[in-house]
Amino acid sequence: DAKTTQPPSMDCAEGRAANLPCNHSTISGNEYVYWYRQIHSQGPQYIIHGLKNNETNEMASLIITEDRKSSTLILPHATLRDTAVYYCIVRGYSSASKIIFGSGTRLSIRP
Amino acid sequence: NAGVTQTPKFQVLKTGQSMTLQCAQDMNHNSMYWYRQDPGMGLRLIYYSASEGTTDKGEVPNGYNVSRLNKREFSLRLESAAPSQTSVYFCASSEASRGRVYGYTFGSGTRLTVV
């Protein structure tokens, strides 16, 4: 599985868009980009995933560069409840493919 | 729909004691996983089961054993607990079939302290 690199911490003003970057320069053609977040000490929560096209759901948008070597998770209107550690993960599509977590980005939302 | 259920939620063990952490999912997922998370750290994969009847080692398997009892249940056993195994343990499940992938669903965790 490819490795990912994320900034250790970021902050964002409440109500503004939070843009979290991730580098995955060794990603292979059949690997997906996943984003999860962990609020305090709860179990990680799935946010979104994509292969090469940009994706959007009710929680966030995922922008993947054309060469697929990096991506950005966008929380369009950050709230205090979005304060969490955000993990960017690369994973193959088979059921045997496992998720390896890095250290993530600690996002702080300021009032 | 309960998702992934872990028991117990909290446990204190003495060094050398054994215990089994239980995990069950009701989403008919094929794959199940055990992770541990030490304070201030990311999650590390202990063992996983891609499908019923198979198990494989993850990043940190030493000191642990697993059993995929059936499609629903995946247990983690500590045969002789050590203080270094003090951690929060998370179970997860997922489904993936040819051409489609799905995210993991995590349980709420078991907080284990070994004294």
Fill in the blank from the handout: Exactly one of B:Y104, B:Y89, B:Y48 is touching a residue at least 24 places away in the same chain (Cβ under 8 Å), within 21 Å of B:G3 (Cβ to Cβ), touching a Gly at 6+ places or on another chain (Cβ under 7 Å) and surrounded by 21 or more Cβ atoms within 10 Å (Cβ to Cβ), and that one is B:Y89
Practice task
Please state which one of A:I27, A:I39 is buried (at least 19 other Cβ atoms within 10 Å of the Cβ) and in contact (Cβ under 8 Å) with a residue 40 or more places away in the chain.
Solution key: A:I27
Exercise for the section: Within the stretch A:1-24, count every residue that is part of a loop (DSSP other than H, G, I, E, B), within 14 Å of another protein chain (Cβ to nearest Cβ) and small (G, A, S). Expected result: 0
Exercise for the section: Test A:L107 against the criterion of being more than 8 Å from chain B (Cβ to nearest Cβ), modelled with pLDDT of 95 or more, surrounded by 14 or more Cβ atoms within 10 Å (Cβ to Cβ) and closer than 16 Å to A:V33 by Cα, and give yes or no. Expected result: no
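Table: residues versus (1) facing chain B (nearest Cβ under 10 Å); (2) of a type outside the set (S, T, N, Q).
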position	(1), (2)
A:T26	no, no
A:W35	yes, yes
A:S41	yes, no
A:I47	yes, yes
A:T56	no, no
A:L75	no, yes
A:A78	no, yes
A:F101	yes, yes
Handout entry: strands (runs of 3 or more DSSP E) enclosed by the stretch A:43-103 - at least 2 residues per element that are under 12 Å from the mean Cα position of the chain (by Cα) and touching a residue at least 40 places away in the same chain (Cβ under 8 Å)
Key = A:70-75, A:84-92
Practice task
Return the residue satisfying two criteria in turn: it lies in the stretch B:1-49 and is within 13 Å of the chain's Cα centre (by Cα) and part of a loop (DSSP other than H, G, I, E, B), and of such residues it is farthest from the other protein chains (Cβ to nearest Cβ).
Solution key: B:P8
Practice task
Could you tell me whether the stretch B:92-99 includes any residue that is acidic (D, E) and either touching a Pro at 6+ places or on another chain (Cβ under 9 Å) or facing chain A (nearest Cβ under 8 Å) (or both)?
Solution key: yes
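The values are calculated or read from the model by the stated rules, or taken from the named source; none is laboratory data. Please read these numbers as outputs of a predicted model, since none were measured by experiment. Glycine gets a Cβ as well: all are built from the backbone with ideal geometry, and neighbour counts include every protein chain shown.
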